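Q: There's a structure below that I have some questions on.
No value in this document is a laboratory result; all are computed from the given coordinates. As the structure is a computational prediction, the values presented were derived from the model and not from experiment. Note: ideal-geometry Cβ built from the backbone for every residue, glycine included; neighbour counts use all protein chains shown.
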Amino acid sequence: MEDHAKLVSKVLVLDHDPECHERIKAFCDQNNLVGLKVLDENVLTVLKSNVDLGAILLAESYSDKGTGGLALARLIHQLRPELPIFLRRESTAGMDELSDTDRNSFSACYTIDTIETLRKPIEECIFCLIYPNALVRGITELTKTALESQFKALRVEVATPYVVRDRIIFGEIFTLIPIESNWCRGYLMLQTEEEALLALIADDKTHINPQEGGGFRDVNNVLGEITNLVWGSFKNRFVSHTASLGTHVSQVPLIINHLHRYISFGSEKPQLCFKYTLHDANGPGLRPLTIYQRFIFNLNWTPEEFAENEASVEDLFEMGELELF
């Protein structure tokens, strides 16, 4: 298999010790982690709303109370059990010295002098799936093309692709569509905010006549059409038309809890995430539209069988990339 993509993952750093910050930041930079800080009073609020975390680095002494960090870890684990928590201890005491309850809250313990020991658990928890470069690059290309075809006078900004473990839904509207091939099975999901998309429709930035539309059904139609375009392009580019898919009978239920803005695909595997921000090409005018795209390969993932399709002349005619002279 070709070289895999170098992805990043965002981690929330909850640590008050300024003497440790430089070491933690250096470790994050060396291990493709993007460290984020938050005010103490906003920790739980952020955890209820953030959509793209991969893990949490938590100090045992956080909150300036000897066991403050442990107490907070219990709350975080209850609120977001899918997020691995790495505990920085003040002494060399490891997981064995913790109570059974606290031990279940953490994926690993470390001290600032042994922070390098986190490399392996981070690989196992966050970067355990390998994504081919051609797949990651191709997804951004075909999605950018789909977005540009559905909006007028908007500039599409693509963030660095990253890996997430959280299950929080962004915005009020999302689409899901199954993806199946000989090398993967799962879902493509797009998420966005209704208000920002409604504003673009009202400002005639879509193909919907603002005089005739502007309701939530039009928002559904726009995001649905983008999803179909991305799905179709993904199939044309990455799904073999000749390879046998076999007989797939296994499925897992999707769990969606609207009250807590939570969705589960029945798998603990990390998810591949892309963030697209659409700006007014004519300047700082309308509020930017943010679209989060996730690929959840929860049913099958065998990247060693991945290959890009070579488009035939007939395919290029159908896609409009070739025409008769």
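Q: Tell me what the chain gives for mean residue ellipticity at 222 nm when only DSSP H runs of n ≥ 4 count, each as -39,500 (n - 2.57), the sum divided by the residue total, rounded to 500 deg cm²/dmol.
A: That calculation yields -9000 deg cm²/dmol at 222 nm.
Q: Still on this structure, I have one more. So, with +1 on the Cβ of K and R and -1 on the Cβ of D and E, and no other charges, what is the size of the charge dipole of the chain about its Cα centre, to the nearest 20 debye?
A: Details: 30 positive and 47 negative charges, 110 e Å.
The dipole magnitude comes to about 520 debye.
Q: May I pose another question? Read phi for every residue in region 176-190 and hand back ³J(HN,Hα) as whole Hz from Karplus 6.51 cos²θ - 1.76 cosθ + 1.60, θ = phi - 60°, with x for Gly and Pro.
A: Values per residue, Gly and Pro as x: 10, 8, x, 10, 9, 8, 6, 10, 7, 9, x, 9, 9, 10, 10 Hz.
Q: On to the next question. Relative to the longest principal Cα axis of the chain, at what angle does helix 68-79 sit, 0 to 90 degrees, rounded to 10?
A: Taking Cα atoms only, the helix is inclined about 30 degrees.
Q: If exposed GluC sites (Glu not before Pro) are those in a DSSP loop with at most 14 other Cβ within 10 Å, what is the longest stretch of the chain that has none? Don't jump to the answer; show the numbers that get you there.
A: Values: sites that count: E2, E90, E212, E268, E308, E310, E321, E323.
Longest run free of exposed loop sites: 91-211.
Q: With contacts defined as alpha carbon pairs under 8 Å and 6 or more residues apart, what's the relative contact order of the chain in percent? Before the final figure, lay out each step's value.
A: Values: 550 pairs, mean separation 61.8, N = 325.
RCO, the chain: 19 percent.
Q: Here's something else I'd like to know. So how tilted is helix 133-150 from the main axis of the chain? Cα-based, degrees 0 to 90, rounded to 10.
A: 50
Q: Moving on. About the Cα centre, and with charges only on the beta carbon of Lys, Arg (+1) and Asp, Glu (-1), how big is the dipole of region 117-230? Nearest 20 debye, please. Don't jump to the answer; show the numbers that get you there.
A: Numbers: 11 positive and 16 negative charges, 118 e Å.
Charge dipole, region 117-230, about its Cα centre: 560 debye, nearest 20.
Q: Leaving out same-chain residues fewer than 8 places away, which aspartates and glutamates sit with a Cα under 16 Å from that of K25?
A: Partners within reach: D15, D17, D113, E116.
Q: Using the Cα centre of the chain as origin and beta-carbon charges of +1 (Lys, Arg) and -1 (Asp, Glu), tell me which of V252, F306, V222 is placed farthest towards the positive end of the dipole.
A: V252
Q: For semi-axes √(5λ) of the Cα gyration tensor in Å, several values are listed as (1) 39, 24, 18; (2) 35, 23, 17; (3) 32, 26, 24; flag the one computed from this structure.
A: Here semi-axes √(5λ) of the Cα gyration tensor in Å agrees with entry (1).
Q: Can you list the lysines whose alpha carbon sits under 27 Å from that of K235, skipping same-chain ones fewer than 8 residues off?
A: Output for K235: K6, K144, K152, K269, K275.
Q: Just for the chain, what percent of DSSP beta bridges are antiparallel, to the closest 5? Show your work: numbers first, answer last.
A: On the way: 36 of 53 bridges.
Antiparallel bridges: around 70 percent, rounded to the nearest 5.
Q: Evaluate Rg over Rh across region 1-144, taking Cα atoms for both radii and Kirkwood's formula for Rh. Don't skip to the end; give the middle numbers.
A: Numbers: Rg = 16.2 Å, Rh = 16.2 Å.
Over the Cα atoms of region 1-144, Rg/Rh equals 1.00.
Q: If you don't mind, another one. What size of dipole, in debye to the nearest 20, comes out for region 31-145 about its Cα centre when the only charges are +1 on Lys and Arg C-beta atoms and -1 on Asp and Glu C-beta atoms?
A: Numbers: 12 positive and 16 negative charges, 83 e Å.
Using Cβ point charges on Lys, Arg, Asp and Glu, region 31-145 gives about 400 debye.
Q: Considering only L7, H77, I201, whose Cα is most displaced toward the positive end of the charge dipole of the chain, charges sitting on Cβ of Lys, Arg (+1) and Asp, Glu (-1)?
A: Among L7, H77, I201, the one farthest towards the positive end of the dipole of the chain is H77.
Q: How about K48: which lysines have a C-alpha closer than 16 Å to its C-alpha, ignoring those fewer than 8 places off in the same chain?
A: Leaving aside lysines fewer than 8 places away in the same chain, those within reach of K48 are K10, K37.
Q: In terms of modelled amide H atoms, which long-range or inter-chain residues lie less than 5 Å from the amide H of I130?
A: Close amide H contacts, sequence-distant or interchain: none at all.
Q: Separate question: Show the residues, 5+ positions off or on another chain, whose built amide H is closer than 5 Å to the amide H of V34.
A: Amide H neighbours of V34, under 5 Å, 5+ apart: S9, K10, V11.
Q: Still on this model: Roughly what angle does helix 216-238 make with the longest principal axis of the chain, taking Cα atoms, 0 to 90 degrees, to the nearest 10?
A: Taking Cα atoms only, the helix is inclined about 90 degrees.
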